[in-house]
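Everything below concerns the one structure shown next.
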Amino acid sequence: MSSEKFREWAKKEISKTGPLHLSDAISAALTHPDFGYYHSEEIIGNRGDFVTAPEVSQMFGELVGAFLAYIWEQSGRPANSLLCEFGPGRGTLSADINSALAQISPQFSGSPLHLIETSTSLREIQETTLRRQTVYWHNSLKEIPNQPLFAVANEFFDALGVNQAIFDGTSWRHRLLDFDTQFELVSGPILSNSELEEFNPISLKNQDKGTIIEYSPKAVQISTEIALHIKQFGGAFLVIDYGKTNQIGDTIQAVSNHKPVEPWSNAGIADISHWVDFDCIKRASENTGARFVGPVSQSQFFTQIGIKQRAEMLANSQNPEVNRALFAAVDRLISPAHMGNLFQVGLII
Ligand code: SAH
């Protein structure tokens, strides 16, 4: 994969329709069939570009599994329940969820697993990781049967792209991607009334010149779809992601080989993400009549569902090296200096 193909694609699109909305540019950079970053090999994990929480420790997925089992029990053990993961990466989270379910709720652990995944190379890796389970792959939620759905997404919403608007002192304008001799971000047309409503700047106390706000159309579309599904057929959806609870700030970032890089000149060869606006997901879910619980920090969530106790249980071996690694993983997942406060957890139910 290279950044050249993205550049050629973007220049062509810009010459046809003008500067690009950032969410369209990010979607292409990540998922375009010819040059999308997620079609590359070896992107997640130590040998790839970034490490996600399920790859840090099996405890992450096991505890998510225990939580889903609890919700399933509380929901009255609905028959025909389905398990589901959005953007499963290497399949590690779903595999660890299932090994916890096999012990806690064997009936639930036999449920078919539905994966929402666009990348063909990641689907192949998932097929190997999850070879012991009955797995179905989909491009969107619409393809999933109308049955109770217990779903999870870790670092999925941050990959859906985001649009930006900038305040010029009088009006909010789209912030768009242009190309002259290099990529540059430019101010575009003034937001229409319906676009203003989506970006929701009315909730801002100060509208200083140069303020940037964000809005992810795909995040709203997907959380609406899943909330409608849960409202109608039952289930729950646990969302874990880099999070914030407002729409303010330019949070687009790119990572390659574990280091931050400039997003647009590296599009196609770097992971481009943004901080997920949990308030926006909450509004979208509640608009369907579903409930939204949280968000709480990853630190609070995993502390309350017993990550330290789980580590102590696993640490009973005689091997100090293993114990050190276990407690280092707990620290990485929940300490505020690492992932603990950056990541948020919310539940649609
Ligand atoms: N949840 C995994 C991987 C996170 S990376 C983990 O925690 O390790 C993001 C994942 O979402 C990848 O599997 C990527 O291919 C998938 N993805 C990104 N955009 C998508 C989209 N629009 N539809 C479906 N899957 C998508």
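The values are calculated or read from the model by the stated rules, or taken from the named source; none is laboratory data. All values reported here derive from a predicted model rather than from experimental measurement. Every residue, glycine among them, receives a Cβ derived from its backbone with ideal geometry; neighbour counts consider all protein chains shown.
Just a few scattered comments:
- The residue pairs whose first member lies in segment 137-159 and is on the phi > 0 side of the Ramachandran plot, whose second member is at pLDDT 95 or above and surrounded by fewer than 23 Cβ atoms within 10 Å (Cβ to Cβ), and whose beta carbons are closer than 6 Å, counting only pairs six or more residues apart or on different chains, are Glu155/Thr52.
- Matching entry among Leu101, Leu68 (being under 16 Å from Ile349 (Cβ atoms) and aliphatic (A, V, I, L, M)): Leu68
- Neighbours by Cβ (under 6 Å, 6+ apart or cross-chain): first from segment 75-88, within 14 Å of Thr134 (Cβ to Cβ); second assigned to a loop (DSSP other than H, G, I, E, B) and away from the ligand (no atom under 14 Å from the Cβ): Asn80/Gln147; Ser81/Ser111; Ser81/Pro148; Leu82/Ser111; Leu82/Pro112; Leu82/Gln147; Leu83/Ser111
- Selection from segment 65-99 of residues that are buried (at least 20 other Cβ atoms within 10 Å of the Cβ), more than 22 Å from the chain's Cα centre (by Cα) and assigned to a helix (DSSP H, G or I): Trp72
- Every pair of residues 6+ apart whose Cβ atoms lie under 8 Å, when the first sits in segment 170-190 and is closer than 13 Å to Gly18 by Cβ while the second is buried (at least 16 other Cβ atoms within 10 Å of the Cβ) and of a type in the set (Lys, Arg): Phe179/Arg7; Val186/Arg175; Ser187/Arg173; Ser187/Arg175; Gly188/Arg173; Gly188/Arg175; Pro189/Arg173
- The numbered conditions (1) more than 26 Å from Gly188 (Cα to Cα); (2) at pLDDT 95 or above; (3) in a strand (DSSP E or B) are all true for Leu228 except (3).
- Any hit, segment 52-64, residues being near the ligand (Cβ under 10 Å from one of its atoms) and in a loop (DSSP other than H, G, I, E, B): yes
- Listed conditions (1) surrounded by 19 or more Cβ atoms within 10 Å (Cβ to Cβ); (2) near the ligand (Cβ under 9 Å from one of its atoms) are all met by Val162, apart from (2).
- Lone unmet requirement of (1) touching a strand residue (DSSP E or B) at 6+ places or on another chain (Cβ under 8 Å); (2) more than 14 Å from the ligand (Cβ to nearest atom); (3) on the phi > 0 side of the Ramachandran plot for Leu68: (3)
- Residue pairs meeting the criteria (Cβ under 6 Å; at least 6 apart or on separate chains; first in contact (Cβ under 8 Å) with a residue 12 or more places away in the chain and of a type in the set (S, T, N, Q), in segment 208-219; second within 12 Å of the ligand (Cβ to nearest atom) and outside any helix (DSSP H, G or I)): Ser216/Leu160
- The one condition in (1) within 14 Å of the ligand (Cβ to nearest atom); (2) polar (S, T, N, Q); (3) within 25 Å of Ala227 (Cα to Cα); (4) more than 18 Å from the chain's Cα centre (by Cα) that Thr129 fails to fulfil: (3)
- Those helices (runs of 4 or more DSSP H) of segment 288-349 in which at least 2 residues are among the small types (Gly, Ala, Ser) and modelled with pLDDT of 95 or more, considering only elements entirely within it, cover 320-334.
- Restricting attention to segment 40-51 and to residues that are in a loop (DSSP other than H, G, I, E, B) and among the aliphatic types (A, V, I, L, M), the residue that is nearest to Lys5 (Cα to Cα) turns out to be Ile43.
- Scoring Thr118 on the criteria (1) in contact with a helix residue (DSSP H, G or I) (Cβ under 6 Å, 6 or more places away or on another chain); (2) more than 11 Å from the ligand (Cβ to nearest atom); (3) part of a loop (DSSP other than H, G, I, E, B) leaves a single failure, condition (2).
- Residue pairs meeting the criteria (Cβ under 7 Å; at least 6 apart or on separate chains; first surrounded by fewer than 20 Cβ atoms within 10 Å (Cβ to Cβ), in segment 23-46; second among the β-branched types (Val, Ile, Thr)): Thr31/Thr118; His39/Thr120; Gly45/Val51
- Scan segment 246-279 for residues that are of a type in the set (D, E, K, R) and without any contact (Cβ under 8 Å) to a residue 12 or more places away in the chain and the total you get is 2.
- Top-ranked residue of segment 9-22 - restricted to ones that are surrounded by fewer than 20 Cβ atoms within 10 Å (Cβ to Cβ) and part of a helix (DSSP H, G or I), ranked as farthest from the ligand (Cβ to nearest atom): Ser15
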